[in-house]
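J.: This is the structure, below, for whatever I ask next.
Computed from the coordinates by the stated procedures, all read-outs in this text should not be read as laboratory data. These figures come from a predicted structure and were not determined experimentally. Cβ atoms come from the backbone with ideal geometry, glycine included; neighbour counts cover every protein chain shown.
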Amino acid sequence: MSKEDMRILLEQTYTVLLTYGLNFFGALAIIVIGFIAAGWARRSVERALTRIGRADATLVRFFGSLVRYAIIAFVVIAALQRFGVEATSLVAVFGAAGLAIGLALQGTLSNVAAGVMLLMFRPFKIGDFIDAGGQAGTVKELGLFTTEMATSDNIKIIIPNGAIWGQAIKNYSGNATRRVDFLLGIDYGDDINAAMATINRVIGEEARTLYDPAPMVVVGELGDSSVNLIVRIWVNAPDYSDVKYSLIKTFKEQLEADGMSIPFPQQVVHHINAAD
């Protein structure tokens, strides 16, 4: 190779490196700045909606995610344009590949559709305790693709929106009040009326008890080893667990203090000797 050929090759190499190198670093800068801007825009939207005061936390998180992903999409297009790919060409390519992408990502797209349905029909909101998708916990965030929950022992759970929307949803925080049920067994030799009076006294001393509907104490069944009393009271939903665990202890202590007994399961066996 002659010196002139070497010089031409070096010049061409320099031109290519300069052109594509600048485009590469330009695209990299666009991506970095774009992702930073997307995060900033999401936080700004969430802060703005929070200041409104009327915006629900679920809407705040959802629209924040929507803005972030929209900016990221424009960033990707802008980065590709640095390499000479025209926006119109990108639209044509995306249109032609739309069917294939839809089939390949049908699970992901179904999660987006489920997220929109959850946002529209609002079966739960941020802070509600729900049982959905085979998991129970407090809703922390509803995103475009997934819903984030925290269990009672603070384990983080990420569930695809499609798994939630496609199944029954139990919202334990959906109503203002809840009913607490107890099944208390007393001995067959105990005075039923005295036991019911003790239970009613304990209920009356519980300040968190609601009286509309009124508490109910009835004989539920004559069991194998005990007379079973059904107790039902209504409380405000946030008080459910505290009232339930507190009254279980108090019922036992007061029934025993008033001379009642809570029998263990038992069987009476009669043995008959055959005549000789």
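J.: Amide H neighbours of Gly223 under 5 Å, at least 5 residues apart or on other chains, H built in the peptide plane: list them.
T.: Those lying under 5 Å, H to H, from Gly223 are Asn228.
J.: Could you list Leu183, Leu80, Leu247 so that the one with the fewest beta carbons within 10 Å of its beta carbon is first and the one with the most is last?
T.: By the 10 Å Cβ count, ascending: Leu183, Leu80, Leu247.
J.: Then there's this: I need the chymotrypsin sites (Phe, Trp or Tyr not before Pro) found in segment 202-241, filtered to DSSP loop residues with at most 10 other beta carbons within 10 Å of theirs.
T.: Those that pass, being in a loop and sparsely packed, are Tyr211.
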